[in-house]
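In what follows, a single structure is set out as structure tokens and then discussed.
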Amino acid sequence: MPQSSTPERTAPLSGYFRAVAAIVWKDLAAEFRSKEMLNAMVVFSLLVILIFNFALELDRGTRESVAAGLLWVTFIFAGTLGLNRSLALEKDRGSLDGLLLAPMDRSALLFGKALGNLIFMSVVELIILPVASVLFDLPLLQPMLIVVVLLGTIGYAGVGTLLASMAINTRGRDMMLPILLFPVTLPLLMAAVRASGNILAANGWDTIVPWLNLLLVYDVIFIAIALMTFEYLVEE
Amino acid sequence: MSQTSRRLMIFNVITGVLVAAALGLVFLYAPRERQMGEVQRIFYFHVPVAWVSFLAFFVTLCTSIAFLVKGEIKWDKVSAASVEVGLVFTIMAIISGSIWARPAWNTWWTWDPRLTTYTILALIYVAYLMLRQGVEDPGRRARFASVYGIVGFISVPLTFFSIRWWRTIHPVVIGAGTATSIGGFDMTPPMVVTLMFSLFAITVLYFCFLANRLQLQREMDHVEQLKAQAMAD
């Protein structure tokens, strides 16, 4: 078709972004019709928070000091649920092969899947944050905290999507992802927990900025690695 | 005996002599440290072993990149061998460190940045081996392992810096020591000589293990080949 080739020549990137957008749109449409994954992630997160509440006997003082860590543990556990499912579905239904046959750059596939996972995780976090702030009686809906949550989730979804596309092709499948993902996302988790904790404790900018920088550095490095290496994971 | 295995044998003997000589220096030549006494001698083993573990994982990083760029399976075999040998050295470093920490710090273990980073490093490469075991197709296994070898190694310095912002008690012996680190000491020239020789000997030991592991891999591949041949006949 002459129509489709003309805009590609004038703006080579627009085709790439259209491919990414198509994948994200597909994932969102499928999810908002079934809501399977989102429901599971939200309920799972609430259960984790409840379990922590009883396991740690959270009184007022403890709540303030452990809330940041607790939130992040909840987010990353719920995140692994979503990451596993997002790629396992593609594999089980055979749609991954279809996506790989599509005439687009392989990294667009990673980008699209990661963006979809980022959106799902963010939706879950946006539901959990107000609920948790009521349950813990803490002001969790601060703009800075939401920035930290977003930065942490970007890195987690990026590395997570890369490693999940490996994990679904191993014998262990769902079991493999946390084992691969947790040790390499530890710096991300620590930076996110420290930044969130300092924001909640109103500790001032100089205690927050180093951790924010670390989050940014992590996001940039690992998204770059993911984009560079993804094509090797899916080439058959 | 083929020529490669004879060369390997000579290498093994040389390594054995070097390690024995290093042990001789550690116990007979290096002076007794004034404050910690004999237990300080484990330092000449602990530091080289820890250094070699990083070297081993760095080798894996390089061979992983080489595999992804060149696509030759031999690089992946070196990656796998180096991780296996590296993990052995990692365990040796953790055990020797604990034996030293008990009298020096009065505890087997602390959650200090280096110790914590090191544990995570070990877990990353345990995960690496589990990943390899979980993939049957050799080509896919090589690609997956190479990507994880790169991701894993690059996360280690970030882990280290993020934990370092808590206070550290691991002694910094080389370079500027801090007053707060318990168990630090100044090295006299014989101590430096002993340490340098041990570093050299243990590094040779790493290459010796690696060469033997690769030879083992070659023999395993050969057996597989013969089996496939026998099946075909």
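The values are calculated or read from the model by the stated rules, or taken from the named source; none is laboratory data. Predicted model, so just to flag it, every value in this text is computed and none were measured. In this analysis, Cβ positions are derived from the backbone assuming ideal geometry, glycine residues included, and neighbour counts consider all displayed protein chains. The area values use the complete protein model at the heavy-atom level, side chains included, leaving out ligands, DNA and RNA. Shrake-Rupley method; radii C 1.70, N 1.55, O 1.52, S 1.80 Å.
Within region A:190-216, work out how many residues are among the β-branched types (Val, Ile, Thr) and crowded, with 18+ Cβ neighbours inside 10 Å. Don't jump to the end; show me each part of the working.
Filtering region A:190-216 down to residues among the β-branched types (Val, Ile, Thr) leaves A:193, A:199, A:207-209.
Next, from what is left, pick out any that are crowded, with 18+ Cβ neighbours inside 10 Å: A:193, A:199, A:208.
So the count comes out to 3.
Considered as a group, the residues in region A:166-189 that are touching a residue at least 24 places away in the same chain (Cβ under 8 Å) and either in contact with an Asp or Glu (Cβ under 6 Å, 6 or more places away or on another chain) or open to solvent by 10 Å² or more (accessible area, probe 1.4 Å) (or both) include one that is nearest to B:Arg140 (Cα to Cα), and that residue is A:Asn169.
Go through (1) assigned to a helix (DSSP H, G or I); (2) in contact (Cβ under 8 Å) with a residue 12 or more places away in the chain; (3) surrounded by fewer than 20 Cβ atoms within 10 Å (Cβ to Cβ); (4) away from chain B (no Cβ under 14 Å) for A:Lys91 and report which single condition fails. It is condition (4) that A:Lys91 fails.
Of the residues that sit in region B:194-203 and are surrounded by 18 or more Cβ atoms within 10 Å (Cβ to Cβ) and in contact with a Pro (Cβ under 6 Å, 6 or more places away or on another chain), which one is farthest from B:Val26 (Cα to Cα)?
Let us first name the residues in region B:194-203 that are surrounded by 18 or more Cβ atoms within 10 Å (Cβ to Cβ), namely B:194-195, B:197-198, B:201-202.
Restricting the remaining residues to those that are in contact with a Pro (Cβ under 6 Å, 6 or more places away or on another chain) gives B:198, B:202.
Details: B:Ser198: 8, B:Ile202: 13 Å.
So the residue we want is B:Ile202.
For B:Leu23, the criteria (1) assigned to a helix (DSSP H, G or I); (2) in contact (Cβ under 8 Å) with a residue 60 or more places away in the chain; (3) open to solvent by 70 Å² or more (accessible area, probe 1.4 Å); (4) over 27 Å from B:Ser162 (Cα atoms) hold in every case but one, which is (2). Look at A:Phe77 and say whether it is open to solvent by 60 Å² or more (accessible area, probe 1.4 Å), touching a helix residue (DSSP H, G or I) at 6+ places or on another chain (Cβ under 8 Å) and either within 27 Å of A:Asp137 (Cβ to Cβ) or not in a helix (DSSP H, G or I) (or both). Answer is yes for this residue. I need the full set of residues from region A:191-236 which are within 11 Å of chain B (Cβ to nearest Cβ) and among the aromatic types (Phe, Trp, Tyr), in order please. Result: A:Trp211, A:Tyr218, A:Phe222, A:Phe230, A:Tyr232. In region B:204-233, the residues that are open to solvent by 70 Å² or more (accessible area, probe 1.4 Å) form Cβ pairs under 9 Å with partners that are basic (Lys, Arg), at six or more places apart or across chains, as follows: B:Arg218/B:Lys77.
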